[in-house]
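Novice: Here you go, one structure.
The values are calculated or read from the model by the stated rules, or taken from the named source; none is laboratory data. Note that the structure is predicted; figures quoted are calculated from it, not measured. Here the Cβ is made from the backbone with ideal geometry for all residues, glycine too, and neighbour counts use every protein chain on show.
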Amino acid sequence: MEKVSLKINSKSPLEEKHLNWDSVQRSFDRSFGSEIYSSWLKHISLIKEFNDYVILGVKTRFFRDWITSRYADKILSELKKHKLSISRIEFKIEPENSAIKTQFSENLMNKVSDIKNSIMNYNRLNPNLNFDSFVVGKSNNLSFLSAKKACNQLSRYNPLFIYGGVGLGKTHLLNAIGLELSKNNKVMFISAERFMYQFIKSIKKNEMVSFKDYFRKANVFIIDDIQFIRGKEALQEEFFHTFNSLFDQSSQIVISSDRAPNKLDRVQDRIKSRLSGGLVVDIGAPDYDLKLKILRKRIHDYQSSFKENPDLQEDVINYIAKYSNSNIRELIGIFNRVVAFGKMSKKPLNINDCKIILKDVYNSNKVISIDKIQTVTSNFFSISLTDMLSPRRSRPLARPRQMAMYLAKKLTSRSLPEIGRRFANRDHTTVIHAVKTIEKLIDNNDEIRKNIEELKSLILSD
Ligand code: ADP
Ligand code: MG
């Protein structure tokens with residue numbers, strides 16, 4: 001049971017009176033206004049009533065967070081009008097009561113987690129992750145073309161090595177290659193982690209011979225997330241031999257990694273040189289255009305699978321593309337969330353709602369500290385933290401400082417005065433000025449926009 005509770009000091013008058021939930025609801029409607037009421041409060045149910053507190057039911061964690069962060073105080077004071085002894089409310093998430101149509105969003109979410117599972121599922125290809133569903137833009141064009149080429153001219157590029165950050169489409173591309181080639185070949189698709197699991201299992205069960213045989217039978221060997229072998233000597237040894245024997249029999253080898261071959265520290269040099277001996281391509285962070293394209297494709301897919309429109313206003317789509325993080329997995333998550341909440345509140349969301357959702361998404365994933373923002377930003381610009389926080393106003397210090405303030409405002413829930421204090425006791429108006437300046441620059445200056453995107457992904461990663 002997940003609970004969030006809110007406490008205020010009660011004068012504890014004893015009253016034995018039961019709440020009439022209908023009349024409470026009517027007073028919510030009056031005091032919050034019909035829009036907030038019908039979007040949010042109407043869906044709250046009364047689960048249990050005690051003398052001094054009540055347990056209220058909501059459908060989802062997001063719903064709960066939204067309501068507690070915005071309306072909890074006022075809900076409590078409304079309740080006290082009906083029953084003075086109440087001093088506390090608790091929210092319980094009761095998804096099974098969900099009368100609201102969340103089915104579609106759950107379907108979408110399931111799809112995403114299916115994909116995740118299938119990555120873990122040894123040698124199983126996901127039919128949805130194919131070349132047609134892969135949206136191509138500047139950042140991934142080269143890897144896309146290389147992947148296609150590798151399929152057309154088997155073992156011409158051997159190995160094909162695709163690297164890039166999290167959630168940028170590496171597994172998707174590897175899977176697409178696997179699907180395409182499995183029509184006419186014996187394809188082996190495995191994550192490096194799973195490879196290790198099999199390896200250890202085989203050693204324990206004394207089945208190394210069949211292990212070796214098994215992997216060497218493939219004429220297409222695709223291994224995902226090879227960075228996993230870093231620091232694992234025995235695994236590297238085995239991988240090296242597997243690689244060589246596959247290579248010698250001209251099997252196509254495809255590899256993904258979160259970094260370039262030469263950046264794979266704690267990996268044997270002979271392996272690194274093998275890995276970079278074919279074609280090495282990187283997959284970059286999506287730019288605004290690619291993010292837009294992916295969103296449009298999602299809208300299109302949504303329409304064809306649910307036979308209804310996701311109701312996203314144009315400015316909301318642009319907003320998501322612009323302010324979401326450079327991670328396609330997260331972009332899709334945000335899309336699902338925004339659509340789901342638009343549907344739930346039965347009105348298309350506006351930019352403001354969207355801002356809150358984005359912030360919640362980031363905050364729910366990890367707690368981001370101002371310290372972290374400051375360290376990442378000063379490292380990124382190769383200036384010292386002391387200089388960045390100092391009163392000096394030269395551009396090379398002032399810009400990073402402003403960017404860090406901007407990021408503190410966008411990525412944390414700290415108030416402006418708090419942020420000011422954390423930047424060597426500056427005034428909150430300085431923070432406002434910084435946020436406005438950077439917002440303008442993001443619109444007009446490519447470099448600043450890119451810097452901010454990179455900073456965001458650095459701060460949000462790990
Ligand atoms: P990685 O392996 O690089 O961490 P994934 O391949 O798992 O990333 O991609 C994360 C999610 O984003 C997946 O749902 C994937 O289908 C989707 N995705 C990534 N790139 C694209 C793209 N270019 N077009 C459509 N979907 C994409
Ligand atoms: Mg992956």
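Novice: Do you know which of the residues in region 326-362 that are among the polar types (S, T, N, Q), touching a Ser or Thr at 6+ places or on another chain (Cβ under 6 Å) and modelled with pLDDT under 85 is nearest to His43 (Cα to Cα)?
Specialist: Per the criteria, the residue is Ser345.
Novice: Additional query: Can you tell me which residue within region 418-462, out of those that are within 15 Å of Ser326 (Cβ to Cβ) and hydroxyl-bearing (Ser, Thr, Tyr), is surrounded by the most Cβ atoms within 10 Å (Cβ to Cβ)?
Specialist: Per the criteria, the residue is Ser457.
Novice: Restricting attention to region 433-451, which residues are part of a helix (DSSP H, G or I) and either out of contact with any helix residue (DSSP H, G or I) (no Cβ under 6 Å at 6 or more places or on another chain) or charged (D, E, K, R) (or both)?
Specialist: Answer for region 433-451, where residues must be part of a helix (DSSP H, G or I) and either out of contact with any helix residue (DSSP H, G or I) (no Cβ under 6 Å at 6 or more places or on another chain) or charged (D, E, K, R) (or both): His433, Lys436, Glu439, Lys440, Asp443, Asn444, Asp446, Glu447, Arg449, Lys450, Asn451.
Novice: Considering every residue within region 18-35, establish whether at least one is among the hydroxyl-bearing types (Ser, Thr, Tyr) and at pLDDT 90 or above.
Specialist: Yes - at least one qualifying residue is present in region 18-35.
Novice: For region 281-288, state whether one or more residues are touching a helix residue (DSSP H, G or I) at 6+ places or on another chain (Cβ under 6 Å), β-branched (Val, Ile, Thr) and over 23 Å from Glu439 (Cβ atoms).
Specialist: yes
Novice: Confirm whether Ser251 is touching a helix residue (DSSP H, G or I) at 6+ places or on another chain (Cβ under 9 Å) and either of a type in the set (A, V, I, L, M, F, W, C) or more than 30 Å from Glu439 (Cα to Cα) (or both).
Specialist: Against the criterion (touching a helix residue (DSSP H, G or I) at 6+ places or on another chain (Cβ under 9 Å) and either of a type in the set (A, V, I, L, M, F, W, C) or more than 30 Å from Glu439 (Cα to Cα) (or both)), Ser251 qualifies.
Novice: Check Ser113, Ser87 and return the single one that is within 23 Å of the chain's Cα centre (by Cα) and either of a type in the set (Gly, Ala, Ser) or modelled with pLDDT under 75 (or both).
Specialist: Just one listed residue meets the conditions, Ser113.
Novice: Something else about it: What number of residues within region 25-67 are in a helix (DSSP H, G or I), crowded, with 18+ Cβ neighbours inside 10 Å and out of contact with any helix residue (DSSP H, G or I) (no Cβ under 9 Å at 6 or more places or on another chain)?
Specialist: So the count comes out to 1.
Novice: If you don't mind, another one. Could we say that Leu181 is more than 9 Å from ligand 1 (Cβ to nearest atom), in contact with a strand residue (DSSP E or B) (Cβ under 7 Å, 6 or more places away or on another chain) and modelled with pLDDT of 95 or more here?
Specialist: For Leu181, the condition - more than 9 Å from ligand 1 (Cβ to nearest atom), in contact with a strand residue (DSSP E or B) (Cβ under 7 Å, 6 or more places away or on another chain) and modelled with pLDDT of 95 or more - is met.
Novice: Pairs, please: C-beta under 8 Å, at least 6 apart or cross-chain, first residue on the phi > 0 side of the Ramachandran plot and in region 308-328, second β-branched (Val, Ile, Thr) and within 16 Å of ligand 1 (Cβ to nearest atom)?
Specialist: Short answer, once both residue conditions are applied: Asp311/Val339.
Novice: Might you let me know whether region 233-246 holds any residue that is touching a Leu at 6+ places or on another chain (Cβ under 6 Å) and surrounded by fewer than 22 Cβ atoms within 10 Å (Cβ to Cβ)?
Specialist: No, region 233-246 has no match at all.
Novice: Related question: Consider only pairs whose beta carbons are under 8 Å apart and that are at least six residues apart or on different chains; among these, list those whose first residue lies in region 417-440 and is without any contact (Cβ under 8 Å) to a residue 24 or more places away in the chain and among the charged types (D, E, K, R) and whose second residue is surrounded by 19 or more Cβ atoms within 10 Å (Cβ to Cβ) and in a helix (DSSP H, G or I).
Specialist: That search, which allows pairs on different chains as well, returns Arg426/Gly420; Asp427/Gly420.
Novice: Next question. Pairs please, first residue from region 259-276 and closer than 21 Å to Gly167 by Cα, second anywhere and of a type in the set (Gly, Ala, Ser) and loosely packed, with under 13 Cβ neighbours inside 10 Å, Cβ atoms under 9 Å, 6+ apart in sequence or on different chains.
Specialist: Pro261/Ser273
Novice: Give me a count of the residues in region 294-310 that are within 29 Å of Ile452 (Cβ to Cβ) and outside any helix (DSSP H, G or I).
Specialist: Adding up the residues that qualify gives 1.
Novice: Any idea which of Leu168, Leu154 is part of a loop (DSSP other than H, G, I, E, B), more than 16 Å from ligand 2 (Cβ to nearest atom) and either over 30 Å from the mean Cα position of the chain (by Cα) or buried (at least 24 other Cβ atoms within 10 Å of the Cβ) (or both)?
Specialist: That would be Leu154, the only listed residue that is part of a loop (DSSP other than H, G, I, E, B), more than 16 Å from ligand 2 (Cβ to nearest atom) and either over 30 Å from the mean Cα position of the chain (by Cα) or buried (at least 24 other Cβ atoms within 10 Å of the Cβ) (or both).
Novice: State yes or no: is Asn175 at pLDDT 90 or above and more than 12 Å from ligand 2 (Cβ to nearest atom)?
Specialist: Against the criterion (at pLDDT 90 or above and more than 12 Å from ligand 2 (Cβ to nearest atom)), Asn175 does not qualify.
Novice: Could you check region 148-170 and list, in sequence order, the residues that are out of contact with any Lys or Arg (no Cβ under 9 Å at 6 or more places or on another chain), in contact (Cβ under 8 Å) with a residue 12 or more places away in the chain and more than 11 Å from ligand 1 (Cβ to nearest atom)?
Specialist: Result: Lys148, Cys151, Leu154, Ser155, Asn158, Phe161.
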